[in-house]
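Participant: The structure that follows is given in the form of structure tokens.
The values are calculated or read from the model by the stated rules, or taken from the named source; none is laboratory data. Because the structure is predicted, anything quoted here is derived from the model rather than measured. Cβ: placed from backbone, ideal geometry, glycine included. Neighbour counts: every protein chain shown.
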Amino acid sequence: MGDTDETVACEINQTQTQETEAGASTTGVVDASKEHKEQQESKDGEKADEESKKRKPMALRSDVWDSFSKVKLDNGEERAKCKWCQKLFHCGSRTNGTSSLKAHLKICKKNPNKPVVDNQATLQLTPCAGTSSMGIVTTWKFDPEKLRRIFAEMIIEDEQPFMLSECSGLRKLMAEACPRFILPSRRTITRACVKVYEDEKEKLKKFFKENCERVCLTTDTWTAKNSQNYMCVIDHFIDNDWNLRKKIIGFFLVKGHRGEDIGKSLENCLAEWGIDKVFTITVDNASANNNTIKYVRQILNESKGCFAEGEYLHMRCAAHIINLIVGDGLKEIDISIQHVRATVKFIRCGTSRLVKFKKCAELAKVQSKAFLNLDICTRWNSTYLMLNAAQKYQKAFERYSDEDPYYKLELEGENGPGVPTKTDWDKDRKMAEFLEHFYDLTLRVSVQSHPTSHTYFHEIADVLLLLREWCHSEDNLCKEMGMRMLVKYYKYWGDKYGERLGDREKRGEKDKGDQLLNFIVFFYVAIDPRYKLSKCIRMGIKVMFGDTIGEKLWDTVNTYFRALFEEYKEMYAPKDKAPQPTESELAETSIRVSRWMLVITEQINSEDGTVKSEVDKYLSEDNEPDTKGFYILKRWKANSIRFPILSRMAHDLLAIPITLVASESAFSAGGRTLDDFRTSLTPKMVERLVCANDWLRRGNYVSVEEDIEQMFLLEEELGGLSISKEATTATES
């Protein structure tokens, strides 16, 4: 029994040992499989993370995919399959795009949405200019690209915002007028406007190269509403057909108003356009412009781009000088002007006051129908218009003071300037009469459609006679105003110039450009066939500067005019002399002329003075009559063959602008472009819009100022309509 128990115990132990070993081996297998599984899961997780990190494929956004579907070929490449004709096309986003798909849809025969291409033009009636009942039958063809270009030009030319294309009202109009034309977005139209600017700039550069050799410039600076300083550069020239032209070639930011900064900016602008020959630069009387001209003169002299070493480069704006002269005269009646200004402002403050004032004018039997204008204090011409209109309503104002108790109460209060007295009205009437001459003068010299430089001398001579007449007036007010304005006149146009001329002769110096009155003012008269350098001009110079200084100035003008002609002759005259005839050619002529006879004839002609220069021939001829239809550019175009060198000289002199009106117009356009709602425009975009606006208009400008007479007629018409309606209503009731 004992042996048996021991045997059983041993078997049990062996069995337990085997189970333990089997369990251990099984546990090892399980652990290994778990480890392998965990490793696999970690790898799958990493792959998933990597795939998640990759950018998700973008959704198909083009409308073209409404007619195509993507399919995979056996080699794994993707193709675009047309839903209509089942053709396959490459569609890789980086290499192909959707252009080929769009092109296919236009020619796919099975595409039900294929656009109808109609190459046949449509007849239409184009109204004639200025009429609504007459027209011309023309053909028209729908061209979306051309329409988009014209729409961009309209945005520029009419100074409209880019968002105009997205306005609902315009979209409704175009949906009815031209349903086939889809208005572009503001971003698309912005790019189209930039394209218009670039195209027009290339055209203008080519035009300058072919039609413009020497230019005259006007430049000025302007501070926008966002306190940025802009500089405008305008190119004035006469083309090969003798047409006066002007183009804005720069409208850009400048660092400040220092003369050197302005000069460098002007230099960069000319370099960008390839302009290296400049005759004159017209600027205002700011002291910084003197340094600007000195800097530009030095640059042009190095490149030999100006005449007489820049002696005639600096031109001062005539309108600005007139403004300074009149400004000194207005100081004499400043208080009276304040009284009238406050009175006009009070009447214009409310509609009821205007109605009551008109009744007072009717009762006072005022015949004038002029509008009451409120002036701008810094612009004397608007002050003239205000005074001229207000003084005609003096009796109406006096009657109105009795009708409205608030009139005197407000104007004669603590802070009120006061009611105009009879003395104030007398002063304003005299000033309005006096300023009328300067107002008309400003309008004449500010014309941009035809040359005005040849009238400059006559205009300033008329102003001098007017001021001298007022200085000898018996009226103390007129005399004081005349004396004050005459001092300012002499500073820029008077005898101070003659004194400086005498001082320069004593020193034996010739300071370039230090005179306030440019010698070129007298050259304008010389190239005018109606006057030339005649005795009447000589007497006019003596009247302006006195006999002694006038005679010296007259001799200097003649000398400098001929010296300028010699420079032109050296530049434009043919360099090669005419070939001398050979002996065989002389022998074949019907009348044989010996060589010594030719030499003798030349010597006699030179001694007798029969061989005259163009200047002598021109000045020796009789002056042309001053007829009503005289146009100086037309005359010089006709005489360009007779006087080839002198006509080149007149070609450049007549292109010189004597005012900065063109720059003021550009700044007005810049103010309308960069208004309160478009201050986010970049300076580069502002330049593109302003310049392209000027180039597209091609001199055809529409005045943005209100026509006062038309406003009055419209008000009368509307007033008559309202009265007739009231009468009809009363009759019916």
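Participant: Here's a check for you: in segment 438-463, which residue that is part of a helix (DSSP H, G or I) and aliphatic (A, V, I, L, M) is surrounded by the fewest Cβ atoms within 10 Å (Cβ to Cβ)? Walk me through it before giving the result.
Facilitator: Of all residues in segment 438-463, those part of a helix (DSSP H, G or I) come to 438-445, 453-463.
Now restrict to residues that are aliphatic (A, V, I, L, M): 441, 443, 445, 460-461, 463.
On the way: 441: 19, 443: 11, 445: 21, 460: 21, 461: 16, 463: 20.
So, considering only residues that are part of a helix (DSSP H, G or I) and aliphatic (A, V, I, L, M), the one surrounded by the fewest Cβ atoms within 10 Å (Cβ to Cβ) is 443.
Participant: Give all pairs with beta carbons closer than 9 Å in which a residue from segment 632-643 that is surrounded by 12 or more Cβ atoms within 10 Å (Cβ to Cβ) meets a residue that is aliphatic (A, V, I, L, M) and not in a helix (DSSP H, G or I); count only pairs at least 6 apart in sequence or on separate chains.
Facilitator: From residues that are surrounded by 12 or more Cβ atoms within 10 Å (Cβ to Cβ), the pairs are 632/527; 632/654; 633/238; 633/244; 633/654; 636/527; 636/654.
Participant: Sort out which residues of segment 437-482 are closer than 19 Å to residue 531 by Cα and among the small types (Gly, Ala, Ser), and write them in order of number.
Facilitator: Result: 453, 461.
Participant: While we're looking at this one, here's another question. Are any residues in segment 345-376 assigned to a helix (DSSP H, G or I) and within 34 Å of the chain's Cα centre (by Cα), and if so, which ones? Steps first, answer last, please.
Facilitator: Looking only at segment 345-376, we keep the residues that are assigned to a helix (DSSP H, G or I), and these are 345-347, 351-363.
Of everything in segment 345-376, just one residue is assigned to a helix (DSSP H, G or I) and within 34 Å of the chain's Cα centre (by Cα), namely 345.
Participant: Go through segment 619-657 and report how many residues are modelled with pLDDT of 90 or more, assigned to a helix (DSSP H, G or I) and among the hydroxyl-bearing types (Ser, Thr, Tyr).
Facilitator: 1
Participant: Check whether at least one residue in segment 275-284 is under 29 Å from residue 635 (Cα atoms) and either of a type in the set (Ser, Thr, Tyr) or assigned by TED's automatic domain parsing to the domain that holds residue 166 (or both), and report yes or no.
Facilitator: Checked against the condition, which is being under 29 Å from residue 635 (Cα atoms) and either of a type in the set (Ser, Thr, Tyr) or assigned by TED's automatic domain parsing to the domain that holds residue 166 (or both), segment 275-284 yields at least one hit.
Participant: Looking at segment 315-358, which of its residues are more than 30 Å from residue 282 (Cβ to Cβ), among the aliphatic types (A, V, I, L, M), crowded, with 18+ Cβ neighbours inside 10 Å and at pLDDT 85 or above?
Facilitator: 337, 340, 344, 347
Participant: When residues of segment 408-445 are filtered for being of a type outside the set (A, V, I, L, M, F, W, C), more than 17 Å from residue 390 (Cβ to Cβ) and modelled with pLDDT of 85 or more, how many remain?
Facilitator: Final tally of qualifying residues: 4.
Participant: What about residue 260, is it in contact with a Phe, Trp or Tyr (Cβ under 7 Å, 6 or more places away or on another chain) and of a type in the set (D, E, K, R)?
Facilitator: yes
Residue by residue, here is whether (1) assigned to a loop (DSSP other than H, G, I, E, B); (2) at pLDDT 90 or above; (3) closer than 29 Å to residue 114 by Cβ; (4) within 57 Å of the chain's Cα centre (by Cα) holds:
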position: 35; (1), (2), (3), (4): no, no, no, no
position: 43; (1), (2), (3), (4): no, no, no, no
position: 48; (1), (2), (3), (4): no, no, no, no
position: 51; (1), (2), (3), (4): no, no, no, no
position: 61; (1), (2), (3), (4): yes, no, yes, yes
position: 64; (1), (2), (3), (4): no, no, yes, yes
position: 94; (1), (2), (3), (4): yes, no, yes, yes
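Participant: Quick one: residue 543 ticks every box in (1) at pLDDT 85 or above; (2) in a helix (DSSP H, G or I); (3) surrounded by fewer than 16 Cβ atoms within 10 Å (Cβ to Cβ) bar one, so which box is it?
Facilitator: That leaves (1) as the condition not met.
Participant: Do we find a residue being closer than 22 Å to residue 413 by Cα, over 41 Å from the mean Cα position of the chain (by Cα) and among the charged types (D, E, K, R) anywhere in segment 378-399?
Facilitator: Yes, that holds for at least one residue.
Participant: Please go through (1) assigned by TED's automatic domain parsing to the domain that holds residue 463; (2) exposed (fewer than 15 other Cβ atoms within 10 Å of the Cβ) for residue 361 and return the number of the only condition it doesn't satisfy.
Facilitator: So the condition that residue 361 fails would be (2).
Participant: Answer with yes or no whether residue 160 is modelled with pLDDT of 90 or more and either surrounded by 14 or more Cβ atoms within 10 Å (Cβ to Cβ) or part of a loop (DSSP other than H, G, I, E, B) (or both).
Facilitator: Yes: the conditions hold for residue 160.
Participant: Looking at this structure, is residue 245 modelled with pLDDT under 90 and among the charged types (D, E, K, R)? It would help to see each step written out before you state the result.
Facilitator: Details: modelled with pLDDT under 90: no; among the charged types (D, E, K, R): yes.
Criteria not met by residue 245.
Participant: Out of (1) touching a helix residue (DSSP H, G or I) at 6+ places or on another chain (Cβ under 8 Å); (2) more than 21 Å from residue 688 (Cβ to Cβ), the odd one out for residue 162 is which?
Facilitator: If we test residue 162 against (1) touching a helix residue (DSSP H, G or I) at 6+ places or on another chain (Cβ under 8 Å); (2) more than 21 Å from residue 688 (Cβ to Cβ), just (2) comes out false.
Participant: Among residues belonging to segment 136-157 that are without any contact (Cβ under 8 Å) to a residue 12 or more places away in the chain and more than 26 Å from residue 675 (Cα to Cα), point out the one that is surrounded by the fewest Cβ atoms within 10 Å (Cβ to Cβ).
Facilitator: Narrowing segment 136-157 to residues without any contact (Cβ under 8 Å) to a residue 12 or more places away in the chain: 136, 143, 145-146, 150, 154.
Applying the additional criterion that residues be more than 26 Å from residue 675 (Cα to Cα) yields 136, 143, 145-146.
On the way: 136: 9, 143: 11, 145: 7, 146: 10.
Here the residue is 145.
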